[in-house]
1. Among the numbered criteria (1) outside any helix (DSSP H, G or I); (2) under 30 Å from Gly235 (Cα atoms); (3) of a type in the set (Gly, Ala, Ser), which single criterion is violated by Ala148?
2. Assuming Tyr128 fulfils every condition listed in (1) among the hydroxyl-bearing types (Ser, Thr, Tyr); (2) free of Cβ contacts under 8 Å to residues at least 24 places away in the same chain; (3) closer than 30 Å to Ala205 by Cβ apart from one, which condition is it?
3. Looking at (1) surrounded by 15 or more Cβ atoms within 10 Å (Cβ to Cβ); (2) under 21 Å from Ala213 (Cβ atoms); (3) in contact (Cβ under 8 Å) with a residue 40 or more places away in the chain, which one does Ser82 not meet, given that it meets all the others?
4. Going by the conditions given, is Ala199 aliphatic (A, V, I, L, M) and assigned to a loop (DSSP other than H, G, I, E, B)?
5. Could you grab me the full set of residues in the stretch 156-170 that are farther than 16 Å from Gly65 by Cα and out of contact with any helix residue (DSSP H, G or I) (no Cβ under 8 Å at 6 or more places or on another chain)?
6. Name the single residue, out of those in the stretch 43-72 being under 15 Å from Thr88 (Cα atoms) and aliphatic (A, V, I, L, M), that is farthest from the chain's Cα centre (by Cα).
7. Look through the stretch 2-27, keep the residues that are hydroxyl-bearing (Ser, Thr, Tyr) and either in a loop (DSSP other than H, G, I, E, B) or farther than 20 Å from Glu215 by Cα (or both), and return whichever of them is modelled with the highest pLDDT.
8. Condition test on Gly214, is it surrounded by fewer than 22 Cβ atoms within 10 Å (Cβ to Cβ) and either of a type outside the set (Ser, Thr, Tyr) or at positive phi (or both)?
Amino acid sequence: MGASWGTQVARFAEKYHVILPDQRGTGRTTRALDGYTTQQLAADMAALVEALGVGPVHIVGASTGGAIAQYMALEHPSLVRSLTLSSTFARFDAFTRREFEVRRRLAAEWDRRDLLTAYSLFLFGPQYTREHPEAVVEWIDHAAALPAHPDDRRIGLARIDMIAAHDTSARLGEITRPTLVLCGEHNFCTPLPLSRELAHGIPNAGLTVFENAGELIELEQPARFFAEVNAFVEGLNGPDQG
C-alpha cells in the first residue's frame with residue numbers, strides 16, 4: 001500500500017525517518033484471513049513501532065490508515081506524537097454506508113481492472129480527472145498490475161466490512177495528541193462532513209480543506225499536502241528535528 005503515497009515518500013524522506021508499513025492482508029504482508037478490525041490493525045502498527053524502537057511517532061494516516069491512527073492514539077498513546085488524519089472518518093453516515101454497500105457488491109463480482117476503474121470515480125476529484133486523465137489511467141494500470149493472491153477478494157471484502165464497522169465517534173474527546181485533519185472539498189469517498197466531525201470531536205484539532213480535490217489529496221495536490229503536514233510537524237518538533 002506504500003506505493004499509493006506517490007511522491008510523498010521522497011518528499012518526507014528528505015527531512016524525516018519515514019516508515020511505510022503495509023497493513024494486514026495487503027502489499028507484501030502475509031495474507032491473514034482473520035483479525036480485520038481497525039483496533040487490531042492499530043495493535044499491529046503499535047507492535048511494529050515497539051519492535052523498531054522508534055516511538056513516539058508522527059502518524060500520517062489516509063482513509064483507512066486514518067481510522068487505524070485514531071485507535072493508535074486511543075489505545076497506544078505513548079507511541080504517538082501527533083496525528084495527521086487525511087480523508088478519513090470516525091464513523092460512516094448514511095451516504096457513506098450506501099456507497100460502501102455498492103462498493104462491496106462490486107468487489108464481490110467484478111474483476112480487478114473494472115473494479116479499480118469504478119473506484120477511481122470515488123477517489124479522484126472531478127477537476128483532477130478532467131485535467132489529468134493520463135494520471136488516473138496510470139493509477140489504475142499500476143494497481144491492476146500488482147501481484148494477485150487467491151485470497152485477495154476474500155480479504156478485500158473483510159476490509160470493506162472492517163471499514164464500515166469502524167466507529168470512534170463516542171471516544172474522539174479522549175484523543176489527546178495534536179491532530180491535523182485534512183480533506184478534499186470534492187471528496188466523494190469519505191466526504192468533508194466526516195472530517196468536520198473528526199475536527200469537532202478531537203480536542204484542539206485543526207481542519208484544512210483542499211479546494212477542488214477528491215479523496216487522494218496526497219496525489220492530486222502533492223506540494224500542498226507536504227507543505228501542510230510538514231508545517232504541522234515542524235510546529236511540534238522545531239524545524240531541525242526529523
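1. Every condition holds for Ala148 apart from (2).
2. (2)
3. Unmet condition: (2).
4. Here the answer is no, as Ala199 does not meet what is asked.
5. Ala170 - this is the single residue of the stretch 156-170 that is farther than 16 Å from Gly65 by Cα and out of contact with any helix residue (DSSP H, G or I) (no Cβ under 8 Å at 6 or more places or on another chain).
6. Out of the qualifying residues, it is Met72.
7. Step by step, filter the stretch 2-27, then rank; the result is Tyr16.
8. Against the criterion (surrounded by fewer than 22 Cβ atoms within 10 Å (Cβ to Cβ) and either of a type outside the set (Ser, Thr, Tyr) or at positive phi (or both)), Gly214 does not qualify.
The values are calculated or read from the model by the stated rules, or taken from the named source; none is laboratory data. Just so it is clear, the structure is predicted and the values come from calculations on it, not from any experiment. No Cβ is skipped: glycine too gets one built from the backbone with ideal geometry, and neighbour counts run over all protein chains shown.
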